[in-house]
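This report concerns only the one structure given below.
The values are calculated or read from the model by the stated rules, or taken from the named source; none is laboratory data. All values reported here derive from a predicted model rather than from experimental measurement. No Cβ is skipped: glycine too gets one built from the backbone with ideal geometry, and neighbour counts run over all protein chains shown. Just so you know, the surface numbers come from the protein's heavy atoms only, side chains and all, with ligands and any DNA or RNA stripped out. Shrake-Rupley method; radii C 1.70, N 1.55, O 1.52, S 1.80 Å.
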Amino acid sequence: SYADRYGNGKEKEQGKVHSKEIQKGMMLMDIKKRADELARRFQTRNPFEIIQGLNVILLFVPLIDTKAFYQYFQRNNIIYIDENLSRKEQIFECAHEMGHMFLHKNANTIFMDSRTMLNTNRYEKEADIFAMDLLISDDILIEYQEYNIERLSRLLGYEKRLIELRLNGSLKYR
């Protein structure tokens, strides 16, 4: 029969799903690799120290309806952070915006979010993954490997969903 000879099409569909999973895994590894390379190069995981070394313009300003955003303007990387956030939130937001800078430099997500129907969730999730990969080293995860997500969240001061993103990218925690 035709299906015996040429397949029923499901193999191709399963191949696509498998291929997407591999691509997603590669993308996560690339994000982690980028974050770890920066931490190694600047000998810190503090995003403020790293961007200083990268000549990024950092502005603390009062923001409404957003905590921070990244802009590439006239060949300058600029990160705006709400001056009213706690220091811990500012550190996270800086790392998150660095994610946009390294992963989505040419994507105008503010425009896409406010003026188009394009879904920017993927960009936001990738920036969150970058931030958590930068801020939480493998050494920290190894040191507290007996902690559950709730306890790790309280210890490190990040939302549970962010801790989960970091752990999902770490094979040691699976």
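Ranked from highest to lowest mean number of other Cβ atoms within 10 Å per residue, what is the order of the peptides 29-41, 136-148? Don't skip to the end; give the middle numbers.
Values: 29-41: 15.8, 136-148: 13.1.
Order by mean packing, descending: 29-41, 136-148.
With θ set to phi - 60°, apply the Karplus curve 6.51 cos²θ - 1.76 cosθ + 1.60 along the range 122-129 and write out the HN-Hα couplings as whole Hz, x wherever there is a Gly or Pro.
Going residue by residue, I get 4, 4, 5, 5, 4, 5, 5, 4 Hz, with x marking Gly and Pro.
Give a residue-ordered list of calculated ³J(HN,Hα) values for the range 86-95 (Karplus: 6.51 cos²θ - 1.76 cosθ + 1.60, θ = phi - 60°; whole Hz; x for Gly, Pro).
3J(HN,Hα) across the range 86-95, in whole Hz: 5, 4, 4, 5, 4, 5, 4, 4, 4, 4.
For F92, F69, write out the residues from largest to smallest accessible area, computed with a 1.4 angstrom probe and no ligands counted.
F69, F92
Give the carbon-plus-sulfur fraction of the accessible surface of the range 32-103 in %, rounded to a whole number; probe 1.4 Å, heavy atoms of protein chains only.
Numbers: 1900 of 4150 Å².
Using a 1.4 Å probe with all protein chains present, the range 32-103 comes out at 46 percent carbon and sulfur.
Might you work out the accessible area of L167 for me, using a 1.4 Å probe with all protein chains in place, and round it to the nearest 10 Å²?
That residue has around 20 Å² of solvent-accessible surface.
Provide the packing ranking of 123-130, 49-56, i.e. peptides ordered by the mean count of other C-beta atoms within 10 Å per residue, highest first.
The densest-packed peptide leads the list: 123-130, 49-56.
Step through the residues of the range 51-57 one at a time and calculate ³J(HN,Hα) from phi using the Karplus curve (6.51 cos²θ - 1.76 cosθ + 1.60, θ = phi - 60°), rounding each to whole Hz and writing x for Gly and Pro.
These are the phi-based 3J(HN,Hα) values: 5, 4, x, 9, 6, 7, 7 Hz.
List the residues, sorted by chain then number, that are 5 or more residues from G157 or on another chain and whose placed amide H is less than 5 Å from its amide H.
Placed amide hydrogens put nothing under 5 Å from G157.
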